[in-house]
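Have a look at the structure below before the remarks.
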Amino acid sequence: MYKRSIYTRIIGLVIKITSKNFKLDNIVSLSVFACFILLASTVSAQLKAGVSKVNITNPDPTSNVTDSLYVKALVLDNGDTKAIIISVDAVAIGRIGSIGDNYLENIRSRIKADLGIDRTNVLVNASHLHGAGYNVSPNIEDYTFQAVKKASQNMIPVNIGVGSGYEDRITQNHILKLKNGKGWAIRHANPLPPDEEIESVGPIDPEIGILRLDKKNGDPLAVVYNFTGHPYQSITEQTAGYPGFASKLIEENLGEGTMALFIQGFCGDVIPSLYKDVHSVRDQEPLGTMLGLSAIEAFKNINTEKSGELQVINETVKFPRRTDHAERIAEMEKKQGELLNSLKGTSLNFKTFLPLFIKYNLWEEYPSYYSHRYLHDKMIGRNDMEKLDAANRRNIDKYLRNIHAMEKLSRLQYNLGLEKDRKVENESAGESTMDVEVQVMKIGDFVLITFPAEVSVQVGLNIKKMSPFENTFVAGYTNGYIHYATTAEQSGSGAYQDHSNLLAPEWQKIYEEKVIEILQKL
């Protein structure tokens, strides 16, 4: 790191001089002088930056891809430290999707060998794009290196500024909190619970973190913007998702040559608004347009200035793996049996159920015929129509209970499969802990903290609140992928994320404490 290397040389000089029997007052004066040198060196340093992007759209897509996907690179150099931010329109960095598990290691090795930039100073973030993001070009590794190499060849002095915008219209929390204390994820793979079972919803993170980089003439060179939300696809086409639409809008409005790099946040439990809407086309472009306009509005209010501060701290941290898979699987299979046993016979099928259900909800008092038939029965001392209605209502209730049980069964079946998959992964690892990379990058007043998972949004909100730096932002899906990382509170909730989690609940406390420890070193 720049400041630390200067500081080390100054301290070495102090030790050398003081070894020659300098008096205490001389030592104090020299220490003060050293501090001034340190401050002056930081102020005088000049940050340089270069950007480039390469199209990574698969030439042989599996479906209708109507938008280009990109890998974008921002190379930074303050004369002492070099660092790289890479953003990829992909679902993840390894493990799932078409980007291989060796991609990160290979690209870091090539960068180190060719450009001399430390492997630990390379940050690679996936936008977590679904759909097309699962199937990027098979040449992704070469294209990534091309972007980095070209960016490194076009380095220019820059002024930087930091700020944030706000956008709360395009996302919602992924997990519904039920009255029974459990959680239920909003997914297309399973139905939603009945409205009367829902207690509340969780938080979102509407902040748009922005790093602005300007050329010396004041023209924008690049904007790094950080936002939190799953970029799920529409049902009609495959695109770069709302991040792609937002980046395109930003670049077109800020001028030719400006590059927008989207950095995905902790969106493990944050999804697009109206995600389950069945009455209109689920289109990502309006969401990207709103995000892009909000980012531009914030961008224009950010002033830039000369800065040379560039620091990167990269640590490998051991996190405990979950060990309760077998117990959870047994509990889920027990619940599965209970739901199966709850299914009861009824004379109705869907063809007879649906018209009865509609009729008995529209006309509760006289559902089977006109009112005069009921009145006539009553006049002659009979109640045939009332008995018919009672029998129909019993069958409707049975059928509805069966439907609700089957909805819960379908969700349980999917989550049970996830739980079994994570059990195999954790047990095959052969150890009780997992080594995970935690990276913190500080560019001027812009602080970015990473984790290679689908982290629940509350963790990011906690870190922002605890950080000593005003402009602190978080990036999930970075430098790898280890599935979901839920909060300790969400552990055992039964939500989708809870069953796709390799980490023990204690991971959250360990991570938050480690992040604060690293931030205090900056």
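None of the figures in this text is laboratory data; all of them are computed from the coordinates on show. Quick caveat, the model's predicted, so the values are computed rather than measured. Positions of Cβ are backbone-derived with ideal geometry, glycine not excepted, and every protein chain shown enters the neighbour counts.
Hey, which lysines would be in cross-link range of Lys465, C-alpha to C-alpha under 20 Å, not counting anything within fewer than 8 residues on its own chain?
Filter leaves Lys442, Lys509, Lys514, Lys521.
Starting from the Cα coordinates of segment 80-205, work out the convex hull volume and express it per residue in Å³.
176 Å³
Taking +1 at the Cβ of each Lys and Arg and -1 at the Cβ of each Asp and Glu, which of Gly292, Leu310, Gln413 sits farthest along the dipole of the chain towards its positive end, judged by Cα position relative to the Cα centre?
With unit charges placed on the Cβ atoms, the residue in question is Leu310.
Under a Cβ-only charge scheme (Lys and Arg +1, Asp and Glu -1), can you give me the dipole magnitude of segment 252-391 about the Cα centre, in debye to the nearest 20?
On the way: 17 positive and 21 negative charges, 153 e Å.
With Lys and Arg at +1 and Asp and Glu at -1, about 740 debye.
Mind ranking 96-102, 359-365, 496-502 by how tightly packed they are, going by the mean number of other C-beta atoms within 10 angstrom, highest first?
My ranking of the peptides, most packed first, is 496-502, 96-102, 359-365.
Taking every eigenvalue of the Cα gyration tensor of segment 382-522, multiplying by 5 and rooting it, what semi-axes result, largest first, whole Å? Don't jump to the answer; show the numbers that get you there.
Numbers: eigenvalues 451, 78, 22 Å².
So the equivalent ellipsoid measures 47, 20, 10 Å along its semi-axes.
What distance in nm separates the two pseudo spin-label positions at Asp142 and Asn64, each 7 Å out from Cα along the beta-carbon direction?
Result: 3.1 nm between the two label points.
How big is D for segment 56-112, in µm² s⁻¹ as a whole number, if Stokes-Einstein is applied with the Kirkwood radius of its Cα pairs at 20 °C and 1.002 mPa s?
Answer, rounded: 159 µm²/s.
Give me D for the chain in µm² s⁻¹, whole number, from Stokes-Einstein with Rh from the Kirkwood sum over alpha-carbon pairs, 37 °C and 0.692 mPa s.
Calculated translational D: 126 µm²/s.
Based on other C-beta atoms within 10 Å, arrange Thr258, Thr120 from fewest to most.
Sorted ascending by nearby Cβ count, the order is Thr120, Thr258.
Cβ under 15 Å from Asn180's Cβ, Asn180 left aside: what net charge do those residues give with Lys, Arg +1 and Asp, Glu -1?
Here the charged neighbours net out to -1.
Along its principal axes, what span do the Cα atoms of segment 173-321 show, with the longest given first and each in whole Å?
59, 44, 25
Describe numerically, in nm with one decimal, the distance between label points set 7 Å from Cα along Cα→Cβ at Glu407 and at Arg394.
Output for this residue pair reads 2.5 nm.
Dividing the alpha-carbon radius of gyration of segment 327-410 by 2.2 N^0.38 Å (N being the number of residues), what value is obtained?
Ratio of Cα Rg to 2.2 N^0.38 Å: 1.51.
What 222 nm value per residue comes from the helices of the chain, counting each DSSP H run with n ≥ 4 as -39,500 (n - 2.57) and dividing by all residues, nearest 500 deg cm²/dmol? Please list the in-between numbers first.
Working: 13 runs with 207 residues, N = 522.
Taking each H run of at least 4 residues, the total per residue is -13000 deg cm²/dmol.
Could you point to the residue in Leu274, Ala504, Leu354 farthest towards the positive end of the chain's charge dipole, with +1 and -1 charges on the Cβ of Lys/Arg and Asp/Glu respectively?
Towards the positive end, the residue furthest out is Ala504.
Please give the net charge around Asp205, taking every other residue with its beta carbon less than 11 angstrom from that of Asp205, where Lys and Arg add +1 and Asp and Glu add -1. Don't jump to the answer; show the numbers that get you there.
On the way: positive: Lys464; negative: Glu167, Asp168, Glu207, Asp269.
Here the charged neighbours net out to -3.
Where a ≥ b ≥ c are the square roots of the eigenvalues of the C-alpha gyration tensor, would you call segment 275-318 rounded, which needs a/c under 1.5, or, failing that, prolate if a/b is larger than b/c, or oblate?
oblate
What are the ³J(HN,Hα) couplings of segment 172-189, residue after residue, when phi is run through the Karplus curve with 6.51, -1.76, 1.60 and θ = phi - 60°? Round to Hz, x for glycine and proline.
Listing the rounded values in order: 8, 6, 7, 10, 8, 8, 8, 5, 8, x, 8, x, 9, 7, 7, 9, 7, 6 Hz.
Output the peptides 169-180, 274-285 sorted from most to least packed, where packing is the average of other Cβ atoms within 10 Å over each peptide's residues.
169-180, 274-285
To make sure I understand the rule: partners must be aspartates and glutamates, Cα under 16 Å from the Cα of Lys335, and not fewer than 8 residues away in the same chain. Which ones qualify?
Glu327, Glu407, Glu419
Quick one: putting +1 on the C-beta of Lys and Arg, -1 on the C-beta of Asp and Glu, what dipole do you get for the chain around its Cα centre, in Debye to the nearest 20?
My answer is approximately 640 debye.
Nearest 5 percent is fine: what portion of the DSSP beta bridges confined to the chain is antiparallel?
75 percent
Quick one: length gained pulling Leu340 to Asn106 fully straight, 0.36 nm per residue minus the C-alpha distance?
Working it through step by step, the gained length comes to 79.3 nm.
Please work out how much length the chain gains when fully extended from Met379 to Lys359, using 0.36 nm per residue of separation minus the C-alpha to C-alpha distance, in nm with one decimal.
4.7 nm
Subtracting the Cα-Cα distance from 0.36 nm times the residue separation, let me have the gained length for Leu192 to Glu431 in nm, one decimal.
The Leu192-Glu431 span can extend by a further 82.3 nm.
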